[in-house]
Amino acid sequence: MKIRFLPVIICCYVGLACGGEFISQTTQILQDGKAIGKIEVLTPIEIVSKNAAPARIYVKGVVSENYPLQIQKNMKEAEIYAVFDTESEANFKKGKKLEDDYGEIWYEAEGIYEVDSKAVTSDANALYSKAKQVYEETCSACHRLHEPDSFTANQWPANLQGMVEANYVALEENDLNLVTKYLQHNAKKSE
């Protein structure tokens with residue numbers, strides 16, 4: 001009998017590994033119709049329901065005990081998934097307690113949120129193509145381009161923000177977030 005379920009398990013695994021849903025633009029997240037923050041472009045999500053607007057989505061990551069205003073990918077890679085307007089235990093469900101190499105406490109975190117259904121896509125490749133184009137056009141105007149693996153996922157946000165703050169580049173929030181995610185997804189691995 002166990003063999004009959006193996007193809008279902010394999011199909012589910014292949015579906016998760018080969019595709020999935022993503023946020024196509026930085027957008028507002030709601031809980032019970034109330035705005036509580038925003039979710040970043042290229043955040044991987046699972047669809048709970050998408051029949052009508054808004055879509056209900058599921059997000060999973062980690063949250064720092066000392067800074068519970070955001071969910072990020074994991075403890076080592078500070079790729080931001082969601083940012084909340086205020087601290088509230090209702091923003092996410094805490095899971096297993098974790099400790100990083102520096103003794104900081106983290107928790108697995110998950111939440112179900114509502115977003116504009118237009119902000120959901122299964123075509124991450126189109127987002128990566130746009131991000132690569134924006135990165136190349138914007139950054140090559142002043143200097144030779146750094147390869148995405150020149151820096152770690154944790155270094156890229158500060159590098160890009162420094163260029164914005166120095167007024168070397170002017171990018172709208174969504175384009176800046178898109179380029180940041182593209183570079184983080186192709187970054188040098190942390191040691």
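Some points to look at:
- Any chance A90 is part of a loop (DSSP other than H, G, I, E, B), more than 11 Å from the chain's Cα centre (by Cα) and not aromatic (F, W, Y): no
- Scanning segment 56-75 for residues that are polar (S, T, N, Q) and either open to solvent by less than 40 Å² (accessible area, probe 1.4 Å) or assigned to a strand (DSSP E or B) (or both) gives S64, Q70, Q72.
- Any chance Y135 is in contact (Cβ under 8 Å) with a residue 24 or more places away in the chain and under 26 Å from V48 (Cα atoms): no
- For L98, the conditions (1) open to solvent by 90 Å² or more (accessible area, probe 1.4 Å); (2) part of a strand (DSSP E or B); (3) hydrophobic (A, V, I, L, M, F, W, C) all hold with the exception of (1).
- Residues that are at pLDDT below 95, exposed (fewer than 14 other Cβ atoms within 10 Å of the Cβ), under 23 Å from I39 (Cα atoms) and of a type in the set (K, R) occur in segment 102-118; there is at least one.
- Selected residue (only one of A78, A17, A53 is within 20 Å of S117 (Cβ to Cβ) and either open to solvent by less than 90 Å² (accessible area, probe 1.4 Å) or at pLDDT 95 or above (or both)): A53
- Restricting A109, A131 to those that are of a type in the set (G, A, S), under 17 Å from the mean Cα position of the chain (by Cα) and not in a strand (DSSP E or B) reduces the list to A131.
- Every listed requirement among (1) exposed (fewer than 12 other Cβ atoms within 10 Å of the Cβ); (2) within 18 Å of T26 (Cα to Cα) is met by A166 save one, (2).
- For segment 144-163, the set of residues classified as open to solvent by less than 70 Å² (accessible area, probe 1.4 Å) and in a loop (DSSP other than H, G, I, E, B) consists of L145, H146, F151, A153, listed by residue number.
The values are calculated or read from the model by the stated rules, or taken from the named source; none is laboratory data. Just so you know, these numbers come straight off a predicted model, no measurement behind them. Note: ideal-geometry Cβ built from the backbone for every residue, glycine included; neighbour counts use all protein chains shown. Just the protein is used for accessible areas: all its heavy atoms, side chains included, with ligands, DNA and RNA removed. Shrake-Rupley method; radii C 1.70, N 1.55, O 1.52, S 1.80 Å.
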